[in-house]
Amino acid sequence: MVNGGVPGGAPPGGGLLDGGVPGGGVPGGGVPPLAGVRVVDLTRFVSGAYTTMMLAALGADVVKIEPPDGGDSYRAQATATVADRSALFLSLNNGKRSLALDLRAPSGQAALERLLAGADVVVENARPGALARYGLDAAAVLARHPRIVYGSVSGYGQTGPDAARGGFDLILQAEAGLMSVTGTAGSGPVKVGAPLLDVGAGICCVTGILAGLLRRAGTGRGGHVSSSLLEFALAGLTTPASAFFAAGEIPSRLGTHSPAFAPYGAFRARTGELVLAGAGNEGLWRRLCSTIGIPEAVDDPAFATNADRVRNRDALTARIEQALAADDAPAWVARLEAAGVPAGLVRDVGEALTSAQAAAIGAVATVGAGDGSPYRAVTVPVRAPGPLPFPSGAPDLGQHTRAVLREAGLSDPEIDELHVAGTILDASIPAGTTSVAGGGE
């Protein structure tokens, strides 16, 4: 679907469609890179929702398909709300339009098929094979609509003995080996405190979709692209994997510290904590010792080489923290940075989101909920060359049902019939009426 969702229209300024030239995506007037691309969003949970939200930020028209009875489950799951809306749902669905459609009903499947006929991309994150009963698996959709780029995000990948298993960030952090190197010997395995595998797999799926659109520009055909939490997690193991492949080494839990370098990790100061990387080379090590007031450590045989320092990490950590106890973390970071030793503060989430640097790169945007209530959201991690604005806030359930179905070619009487049958939820129809015109039951 191009040109704002009108079948057969020309992309305004050229998105990644049939030989189109990518747009500028420049804040303040440029054409977004995916302008004119229609995405049918069959996803839920973090990994899929993040994938399609990123596509929306890149300029695609993302139509989120939701069940009429309650919509996406994240609409009801939240510990925080904005104007009675789930903050969790809002954080993952900016820039999308909501079509509340019951895919269990044959009439709902027929309506979706009309939408697919003009779509460029389909994204789903169900268990592999789960959508086959609706004829919405990749093979079936591509057989009917070979121009579509079909993107899948899963827990374990599309094939193999674990493919049919459900994939949650916590489970994959454990099974992919990440929790074996996170935490300490005393703490046991510790998960990363944010759904990084979900987000990373989503970004990888977006990369595949963009590649699919570029290929289609030359061939006229789409195809199936996929990513998974497992694949992203294993890609993150590049450094420990190299030691395993070369020497069979299995790293232990070292908290924030490195199995290959020292000093490299988090350290306590008089107040607060900081991280420092004083192990990149011997010059850094000497400057670190001089800056924190332990120049004699350079000549200590226990710390003579990086290998010695790794071997005697606990003693080295104690020596450094004893020196750092003389001042507060911010003061030490300023001194270390001035000396050319990489260092940083251990910030909490609020400090990170409100930092001057986060503001400078446009990492947080203010958008509006369905009723216009403002809320803040983290932008996608792409600049082109500035931050990519969300075209809108997250939609209310069924907010765009009628508009999207009209664009797909359904008439108002056909849409009213779906509404009366309960196949759709049309937020444009006042409660107690059967059509947008407002007739009685």
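The values are calculated or read from the model by the stated rules, or taken from the named source; none is laboratory data. Because the structure is a prediction, the values reported are computed rather than measured. Cβ coordinates were reconstructed from backbone atoms using ideal geometry, including for glycine residues, and neighbour counts include every protein chain displayed. Protein only, heavy atoms only, side chains kept; ligands, DNA and RNA dropped before computing areas. Shrake-Rupley method; radii C 1.70, N 1.55, O 1.52, S 1.80 Å.
Of the conditions (1) modelled with pLDDT of 95 or more; (2) closer than 24 Å to A117 by Cβ; (3) crowded, with 20+ Cβ neighbours inside 10 Å, V46 fails just one. Which one is it?
(2) is the only condition that V46 fails.
Under the condition of being in contact (Cβ under 8 Å) with a residue 40 or more places away in the chain and not in a helix (DSSP H, G or I), which residue from the range 331-356 is nearest to the chain's Cα centre (by Cα)?
Residue satisfying both the conditions and the ranking: V346.
Residue by residue, here is whether (1) closer than 21 Å to L103 by Cα; (2) open to solvent by less than 20 Å² (accessible area, probe 1.4 Å); (3) in a loop (DSSP other than H, G, I, E, B); (4) modelled with pLDDT under 95 holds:
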position	(1), (2), (3), (4)
G19	no, no, yes, yes
G28	no, no, yes, yes
P32	no, no, yes, yes
A35	no, yes, yes, no
V40	yes, yes, no, no
Y50	no, no, no, no
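Among the residues of the range 294-308, are any open to solvent by 30 Å² or more (accessible area, probe 1.4 Å), of a type in the set (V, I, T) and modelled with pLDDT under 95?
For the range 294-308, residues open to solvent by 30 Å² or more (accessible area, probe 1.4 Å), of a type in the set (V, I, T) and modelled with pLDDT under 95: absent.
Taking V39, is it more than 23 Å from L172 (Cβ to Cβ) and in contact (Cβ under 8 Å) with a residue 60 or more places away in the chain? Give the derivation first.
On the way: more than 23 Å from L172 (Cβ to Cβ): yes; in contact (Cβ under 8 Å) with a residue 60 or more places away in the chain: yes.
When the stated conditions are applied, V39 passes them.
Residues of the range 234-273 being over 27 Å from the mean Cα position of the chain (by Cα), surrounded by 18 or more Cβ atoms within 10 Å (Cβ to Cβ) and within 15 Å of G344 (Cβ to Cβ), which ones?
P263, Y264, F267, A269
Just to verify a result, which residue in the range 409-441, among those that are assigned to a loop (DSSP other than H, G, I, E, B), out of contact with any Asp or Glu (no Cβ under 9 Å at 6 or more places or on another chain) and surrounded by 14 or more Cβ atoms within 10 Å (Cβ to Cβ), is modelled with the lowest pLDDT?
Checked the range 409-441; the qualifying residue modelled with the lowest pLDDT is S428.
Can you list the helices (runs of 4 or more DSSP H) found entirely within the range 56-175 that contain at least 2 residues being open to solvent by less than 50 Å² (accessible area, probe 1.4 Å) and among the hydrophobic types (A, V, I, L, M, F, W, C)?
Details: elements: 87-92, 106-116, 138-144, 169-175.
Result: 87-92, 106-116, 138-144.
Restricting the search to the range 347-365, which residues are within 25 Å of Y264 (Cα to Cα) and in contact with a Ser or Thr (Cβ under 9 Å, 6 or more places away or on another chain)?
R347, the sole residue that qualifies.
Residue by residue through the range 209-221, note down the ones that are out of contact with any Gly (no Cβ under 6 Å at 6 or more places or on another chain) and touching a residue at least 12 places away in the same chain (Cβ under 8 Å).
The initial filter retains those residues of the range 209-221 that are out of contact with any Gly (no Cβ under 6 Å at 6 or more places or on another chain), namely 210-211, 213-215, 218-221.
Matches in the range 209-221: L210, A211, L213, L214, G218, G220, R221.
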